[in-house]
1. Using a 1.4 Å probe, what is the accessible area per residue for the chain, in Å²?
2. From the helices alone, meaning DSSP H stretches of at least four residues, give me the mean residue ellipticity at 222 nm for the chain, per-run term -39500 (n - 2.57), in deg cm²/dmol to the nearest 500.
3. Along its three principal axes, how long is the stretch 550-594 when you only count alpha carbons? Whole Å, largest extent first please.
4. Taking the Cα centroid of the stretch 105-160 and of the stretch 169-227, what is the distance between the two, rounded to the nearest whole Å?
5. Pop out the carbon and sulfur fraction of the accessible area of the chain as a percent, whole number, probe 1.4 Å.
6. For Met374, list long-range residues whose amide hydrogen, built 1.01 Å from N in the peptide plane, is under 5 Å from its own amide hydrogen.
7. Take the alpha carbon atoms of the stretch 434-467, find their center, do the same for the stretch 530-590, and report the distance between the two centers in whole angstrom.
8. Sum up the charges of everything whose Cβ sits under 9 Å from the Cβ of Asp412, counting Lys and Arg as +1 and Asp and Glu as -1, but leave Asp412 out.
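The values are calculated or read from the model by the stated rules, or taken from the named source; none is laboratory data. Everything numeric here is computed off the predicted structure, so don't read it as measured data. Positions of Cβ are generated from backbone atoms using ideal geometry, with glycine treated the same way; all protein chains shown enter the neighbour counts. SASA here: full protein model, heavy atoms, side chains in, ligands and nucleic acids out. Shrake-Rupley method; radii C 1.70, N 1.55, O 1.52, S 1.80 Å.
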Amino acid sequence: MPVSSDPSIFVPVPFIDALSHANSIETVISVAADWLPRLIPAARSSIGFLDGDKLINSVSRTDGMADPVFEKSRIWHLTWREKVLLAGTPVILDETAMRDARTEPLTKLLDSGIRSLAIAPMLGGEECVGTLSLGSREPDGISEDDALALVSFGRWIASQARLMQQARNTARLSETDTLTGLANRARLMRVLDGPGTLHKPDSEGNVIGVMHVDLDHFKQVNDTLGHGVGDAILRHAARAMQSTVSGKDLVARVGGDEFVIVTRTDPAGHHLANLATEITRAVSQPLRIGDVEARVGTSIGTAMSSGTVRSAERLIGNADIALYEVKRSGRGGVRAFAGEMRIACERRTRLLADLRDAVESRCFVPYFQPQVSMATGHFSGFEMLARWPHPSLGLIDPADFIELSAEAGLTDQIDSIVRAKGLAAIRQLRADGWDTPKMSFNASARTLGDPDLLDSLLWEVLQQGLAPEDLVVEVRETDLMAQGSEQAFTNINALSDAGFEVELDDFGSGYSAMSNLSRLSISAIKLDRSMISLLPDERAETVVRAIIAMAKELDLNVTAEGIETTAQYALIRGLGCDVAQGYGVSRPLPLHGLIAFMKGYGQAPIRLAEAHLCASQVGGVE
């Protein structure tokens, strides 16, 4: 029978105190289910709290019987419990009503000895958030007053359960990425740092595997198509990953375009590798946003827990190191972590710290590689190259630190330090009576994009009492194309107008865009050593001859770098090349070595240049 609700029932303080000490929804419901039969004598109590689309349920029996009904995940349809939930008013069912209902839960309760039942709403304000029930073994074991008390107790239970729900939801929000709905780094670390997570294989012997996923060139997409498209791509990537992994896996967004996936994998890592391939395929699917079709690729580093991995930070760090190796190799791949990667990474980290100190103390020094005129044999100039005198590793060539300096954004500072010392060296040499020719240096891609480049170089040369004609700016074609900015072209033409010579370096090594020769105000091209190394191959000679002929038509001088043998020297000279540079002429030299070179070389005629070449032939590369 229905019962009218009356909340003015006395609620014992110990009951309230027990609820207040519960620290989760599940604990609140369990504590309350245990207390109800003590508050209202009964053989059975049951509480079901609706947490979103999930039912949190707890049952307590005082008669020693195993309970046959445990509604863990749902409330049975078309039952008295559902009616109470919808109506928000309690009911009392006697044995006849229980049998007439003909529902599975009530039939099971009758079979277990329950002869009367009260079902009451759990009210949170005006909203019904669950139900409570009391069952008695006596036909008239539940009174109307009991049902009213049950409603009153239910309000207290609902209040505490909802408080725990709000606390949990707040905690969940603090561990959720707002854009994608994925876990954030805080939740990722909590899951991985759980007791035994990293150290114990599961029942099938599987271990924890981690993937660090980076979206390739996402910044470029974001900058060109806008942040709205960028956000849509991030959500697309999140959905693609979430739909690819299993329900037990965790996907977290840990950075702007970086994600970490935690899964279980076989110790050999086959599952982890296969999942990475599936993730790559899923994320790379095109996404149409209005009239725009966007697509991104992925770079993925993977790592697995082992006896040596003792923390979540270490495991994620291993995956990050593997991801770095993918990026170094050109992106768009998958690499599994190996121990030697960490050794190399730790070396890079130490070297980077030393590199920053070296920049701070300005300890980089210029080395000078002489260039000779092929028409006269005279010493005609030199290219300035950076060297790093490391306190424990000795003199370090740029090939061993240029990539690191670029990643750290230190290249321009190093170039500036070395260029300033090189220009000071020219000034000092001339003050000492040497008729030193011009000096060239390589301008990086970032330098080319600097709108203040012309003013900076003018200030540097004039500060040393030199002129723009004393400094040659070498521009790598690869850097020019990578910069992709009109500012680079504007700078090059402005430098030429100001009196600086500009030389297109590494010509023939990659892009060799003919349009650059017509757009840029340059004075020379420098043939890349990769072309010179093929000589005297007949086809290579034909290509070099054609390039030199074209340069002459455009009134451009031609420098050949990488000259190492007399045969190359003679052939290049015969093809009309203007300047030779390479180990065959001289290795890069410190300042005192350059002075010794000039003393021995002098203003020699061509036959002495050839003799010097023969004497200094080496088999190395520049």
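1. On the way: 29090 Å² over 622 residues.
Solvent-accessible surface per residue comes out at 47 Å².
2. Values: 24 runs with 281 residues, N = 622.
So the helix-based figure for the chain works out to -14000 deg cm²/dmol.
3. 39, 22, 11
4. 43
5. Numbers: 15180 of 29090 Å².
Exposed carbon and sulfur together represent 52 percent of the surface.
6. Result for Met374 returns Val579, Ala580.
7. 26
8. Working: positive: Arg446; negative: Asp415, Asp450.
For residues surrounding Asp412, the net value is -1.
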